[in-house]
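Input: a single structure, listed below in C-alpha cells.
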Amino acid sequence: GAVAALLFAPQSGEETRTLLKERGIELKDQAAQTAEEAIARAEAADRGWTGEDVVAMYEAGITASHTQWGIAAPTAGYLTTVALPAAAGTNANLDEIATQQYIAYYPDGRNGWANWRRTDIPALTPTAFAINDSGEIPRRYIYGTSEIATSPDAVDAAIAAQGGASYSQDTPVWWENK
C-alpha cells in the first residue's frame with residue numbers, strides 16, 4: 001500500500017517533503033496558538049472574567065506548550081510543581097499563569113516581551129551591555145530616523161500623546177503594568 005502510494009503520488013519527493021515541512025510548521029503554529037489561548041483563558045478565569053475552570057485551562061495551556069515543541073506531555077509530578085497556589089477568581093495565580101505564558105511564547109520574542117511588559121513576570125535582569133541610557137530592558141520601540149525626518153510634527157504629537165516629555169525606549173507604553 002505505502003509503496004503503491006509513493007509510486008503514484010502526484011508530486012515529486014521534493015514537493016512532498018516541502019509539503020510535509022509546511023504542514024509541520026502550520027501544526028506547530030496551531031499548537032502555539034492553542035497554548036497561548038488556553039493560558040489566556042486561564043488568566044481570564046482567574047481574574048473572574050469567565051466561569052471557566054482556571055486549573056483545566058492552565059494545565060491545557062501547559063500541555064499544548066509542551067506539544068508545540070515535541071516535548072512529552074507534562075507528568076502529574078510536573079503539573080504539581082507548577083500548580084496554582086490559590087483558588088480561582090482571586091487574582092492570586094497570576095504570577096504562575098504569566099510565567100507559563102512567557103514560556104509558551106518562546107521563541108516568539110515580541111510576544112514574550114509584550115507579555116513581560118504587561119505583567120512584569122518573570123523577573124528579568126537587564127544585560128550588563130545595554131546600549132540605552134538607563135541600562136534597563138527597553139519598554140518600547142522608538143520611531144525610526146526616516147519617520148522622524150519625514151514626519152517630525154506627527155512624531156512630536158505621538159510622543160506628546162504618549163505622555164512622554166522625553167523620547168526614550170524607557171518610556172512605558174500606555175497599556176503597561178507600571
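Condition test on ILE71, is it without any contact (Cβ under 8 Å) to a residue 40 or more places away in the chain, of a type outside the set (Asp, Glu) and open to solvent by 40 Å² or more (accessible area, probe 1.4 Å)?
So ILE71 passes the test.
Given (1) within 21 Å of TRP113 (Cβ to Cβ); (2) hydrophobic (A, V, I, L, M, F, W, C); (3) at pLDDT 85 or above, where does ALA154 come up short, assuming only one miss?
It is condition (1) that ALA154 fails.
Please specify each residue of the range 122-178 satisfying the condition of being farther than 30 Å from GLU96 by Cα, of a type in the set (Ser, Thr, Tyr) and in a loop (DSSP other than H, G, I, E, B).
Correct list: TYR143, SER151, SER166, TYR167, SER168.
Tell me, please, whether a residue that is open to solvent by 70 Å² or more (accessible area, probe 1.4 Å) and either on the phi > 0 side of the Ramachandran plot or at pLDDT 90 or above (or both) can be found in the range 158-167.
Checked against the condition, which is being open to solvent by 70 Å² or more (accessible area, probe 1.4 Å) and either on the phi > 0 side of the Ramachandran plot or at pLDDT 90 or above (or both), the range 158-167 yields no hits at all.
Pull up the range 115-139, narrow it to residues that are open to solvent by less than 30 Å² (accessible area, probe 1.4 Å) and closer than 23 Å to TRP174 by Cβ, then point me to the one that is modelled with the lowest pLDDT.
Checking each candidate, the answer is ASN132.
If I filter the range 33-45 for residues that are among the hydroxyl-bearing types (Ser, Thr, Tyr), under 16 Å from THR119 (Cβ atoms) and surrounded by 16 or more Cβ atoms within 10 Å (Cβ to Cβ), do I get at least one hit?
Within the range 33-45, none of the residues are among the hydroxyl-bearing types (Ser, Thr, Tyr), under 16 Å from THR119 (Cβ atoms) and surrounded by 16 or more Cβ atoms within 10 Å (Cβ to Cβ).
Considering ILE148, ILE142, which residue is surrounded by 11 or more Cβ atoms within 10 Å (Cβ to Cβ), modelled with pLDDT of 85 or more, among the aliphatic types (A, V, I, L, M) and out of contact with any Leu (no Cβ under 7 Å at 6 or more places or on another chain)?
Going through ILE148, ILE142 in turn, the sole match is ILE148.
Exactly one of these conditions fails for ARG117: (1) without any contact (Cβ under 8 Å) to a residue 24 or more places away in the chain; (2) part of a helix (DSSP H, G or I). Give me its number.
If we test ARG117 against (1) without any contact (Cβ under 8 Å) to a residue 24 or more places away in the chain; (2) part of a helix (DSSP H, G or I), just (1) comes out false.
Cβ contacts < 6 Å: first residue in contact (Cβ under 8 Å) with a residue 40 or more places away in the chain, restricted to the range 78-90; second residue assigned to a loop (DSSP other than H, G, I, E, B), any location; separation 6+ or different chain. Result?
Hits for this filter: GLY89/GLY48.
Going through the range 61-104 one residue at a time, which ones are part of a loop (DSSP other than H, G, I, E, B) and touching a Ser or Thr at 6+ places or on another chain (Cβ under 7 Å)?
Listed by number, the residues that qualify are ALA73, PRO74.
The values are calculated or read from the model by the stated rules, or taken from the named source; none is laboratory data. Fair warning: this is a prediction, and the values are worked out from it, not measured in the lab. FYI the Cβ positions are ideal-geometry reconstructions off the backbone, even for glycines, and counts take in every protein chain you see. Note: accessible area is taken over every heavy atom of the protein model, side chains too, but ligands, DNA and RNA are not part of it. Shrake-Rupley method; radii C 1.70, N 1.55, O 1.52, S 1.80 Å.
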